[in-house]
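Okay, so here's the structure we're looking at.
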Amino acid sequence: MSGERLDKALATYLPDYSRNRLKAWVEAGAVTVDGRVTKARYLLHGGESIKVFPQEMPEQFAFEPEDIPLDVVYEDDSVIVINKPQGLVVHPAAGNWTGTLLNGLLFHFPELKHLPRAGIVHRLDKDTSGLMVVARTSQAQTSLVKQLQERTVGRRYLAWVWGDAPSQGKVLATVGRDQRDRLKMSAGSPLGKPAATLFRRLAKGSFNDAALALLECRLETGRTHQIRVHLESLGLPILGDPVYRKKTPGAAKILNFSRQALHAYALSLQHPISHEVMTWFKLPPQDIFQILPQIGMSSEDLPKEEALLASIKNDRA
């Protein structure tokens, strides 16, 4: 192995472990060359003694129960409806192996350990708040996944956006991975998946002479970052969005709100067992209410539950 990098030598001698895992062990100081900790790119001279001290990886704890408080809006033997707070990641992944909604669900509902993804059938972005449904049985999970695929689950969001939004509209644009920034999504990508977002304006406001609007958005599809990407493509970036910021006015720099003002406020579905159509409604969290006076809006601009139920009934009809 003279002249080879340390990480390549490790991969050769330890083929049962991924290169990423071996590299992580090197970076954690769990690999020594002649008794010294070094870098993964270290070039071997031959004759060295390499010692590896296997380490537990973060993902090994990804599906462990954690006592994370959950706002349970509804539960029965088949489904659980959660009001997810802003800042809570839904599912463990790189950078967030613990402290997720899944970990909290496993603590409060231990039986979910027998279901794929602990019964989670859809997601919300980390900094998006609002309603999510979780299956409690395999039968319920199958039913909910089918409803999502058939687009019969009603999901409505409240989005506060910069710009002079039209009274209503529909965005039909594919959503796919941004080819220049793999951490972002983009609208209109030829490699993206079809996506449709309907919206209507509920109120207008302003801040430092910059126009704002409150929109109700309805999803016909559920792509990653769909609402954020679609609205930005119209020149209507969501207030506080740290990623999708095109055409965000300078006024945003002095408005104290540091996460996207997006809240999943209504959820409607057919119960997997009773087949009854059920609807839940949840007002936005306090941090959004606190900025309303600054942007020329009030709680009176939010949709009322009675009107929402009538609207959802019309959609299904």
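Counting only protein heavy atoms and a 1.4 Å probe, region 1-91 has 61 square angstrom of accessible area per residue.
If a spin label sat at a point 7 angstrom from the Cα of Arg123 along the line to its beta carbon, the backbone N atoms of region 74-89 nearer than 17 Å would be those of 84-89.
As an exercise, use a Förster radius of 41 Å and the Cβ-Cβ distance of Ser138 and Gln179 to find the FRET efficiency, rounded to the nearest 0.05. Computed FRET efficiency for Ser138 and Gln179: 0.60.
When nucleic acids and ligands are ignored and a 1.4 Å probe is applied, Asp164 ends up with an accessible area of around 110 Å².
Calculate how steeply helix 305-316 sits against the longest principal axis of the alpha-carbon atoms of the chain, using the helix alpha-carbon long axis, and give the answer as 0 to 90 degrees to the nearest 10. Computed tilt is about 80 degrees.
Note that region 141-256 presents 50 Å² accessible area per residue, ligands and nucleic acids not counted, probe 1.4 Å. In this rough spin-label picture, where each label sits 7 Å from Cα along the Cβ direction, the His114-Ala310 distance is 4.5 nm. Per residue, the chain reaches -5500 deg cm²/dmol at 222 nm when only DSSP H runs of four or more residues are counted, each adding -39500 (n - 2.57). If you model region 250-289 as an ellipsoid using its alpha carbon gyration tensor, with each semi-axis the square root of five times an eigenvalue, the axes come out at 35, 9, 6 Å, biggest first.
What is the chain's relative contact order, in percent, from Cα pairs under 8 angstrom and six or more apart in sequence? Computed over the chain, the figure is 13 percent. Full extension of the chain segment joining Ala62 with Tyr74 gains 1.8 nm, where the gain is 0.36 nm per residue of separation less the Cα-Cα distance. Taking amide H positions as modeled 1.01 Å from N, with prolines and chain starts lacking one, the residues under 5 Å from Ser129 and 5 or more places away or on another chain are Leu262, Ala264. Hydrodynamic analysis of region 66-142 uses the Kirkwood radius over alpha carbon pairs. Inserted into Stokes-Einstein at 37 °C and 0.692 mPa s, it gives a translational diffusion coefficient of 267 µm²/s. The trypsin sites (Lys or Arg not before Pro) of region 216-253 that meet both conditions, a loop assignment by DSSP and at most 14 other Cβ atoms within 10 Å of the site Cβ, are Arg245, Lys246, Lys247. Springs between Cα atoms under 10 Å define the GNM used for the chain, and in it the highest mean-square fluctuation of Val90, Val26, Val81 occurs at Val26. If I take R0 = 41 Å and measure r between the Cβ atoms of Asp16 and Ser298 in this structure, what FRET efficiency does the formula 1/(1 + (r/R0)^6) give, to the nearest 0.05? The value I calculate is 0.10.
Cross-link pairs exceeding 20 Å in C-alpha to C-alpha distance, out of Lys146/Lys184; Lys170/Lys253; Lys23/Lys184; Lys170/Lys193, comprise Lys146/Lys184; Lys170/Lys253; Lys23/Lys184. Solvent-free Debye calculation, one equal scatterer per alpha-carbon of region 142-277: log10 I(q)/I(0) at 0.13, 0.15, 0.16 Å⁻¹ equals -0.58, -0.75, -0.84. Other residues with beta-carbon under 14 Å from the beta-carbon of Trp280 carry, at +1 per Lys or Arg and -1 per Asp or Glu, a net charge of -1. Label sites at Glu276 and Arg5, each approximated as a point 7 angstrom past Cα along Cα to Cβ, lie 6.0 nm apart.
Once the Cα-Cα distance is subtracted from the 0.36 nm per residue extended length, the Asp164 to Lys146 segment shows a gain of 2.8 nm.
Separation of region 117-149 from region 1-26 is 39 Å, based on Cα centroids. The equivalent ellipsoid that matches the C-alpha gyration tensor of region 76-230 spans semi-axes of 30, 18, 17 angstrom, in descending order. Among Gln55, Gly29, Gly95, whose Cα projects farthest towards the positive end of the dipole of region 1-115, with charges put on the beta-carbon of Lys, Arg (+1) and Asp, Glu (-1)? My answer, from the dipole projection, is Gly29. Region 256-283 and region 186-223 have Cα centres lying 17 Å from one another.
Near Arg5: Cβ cut-off under 12 Å, other residues only, Lys/Arg at +1 and Asp/Glu at -1. The net charge is +3. Here the accessible area is traced with a 1.4 Å probe on the protein chains. For the chain, carbon and sulfur cover 49 percent of it.
Multiplying the residue separation of Arg245 and Gln290 by 0.36 nm and subtracting their alpha-carbon distance yields 14.0 nm.
The values are calculated or read from the model by the stated rules, or taken from the named source; none is laboratory data. Since the structure is predicted, the reported quantities are computational estimates derived from the model, not experimental observations. Using ideal geometry, Cβ is built from the backbone for each residue, glycine included, and neighbour counts are taken over all protein chains shown. Quick note on the areas: whole protein, heavy atoms, side chains included, nothing else; ligands and nucleic acids left out. Shrake-Rupley method; radii C 1.70, N 1.55, O 1.52, S 1.80 Å.
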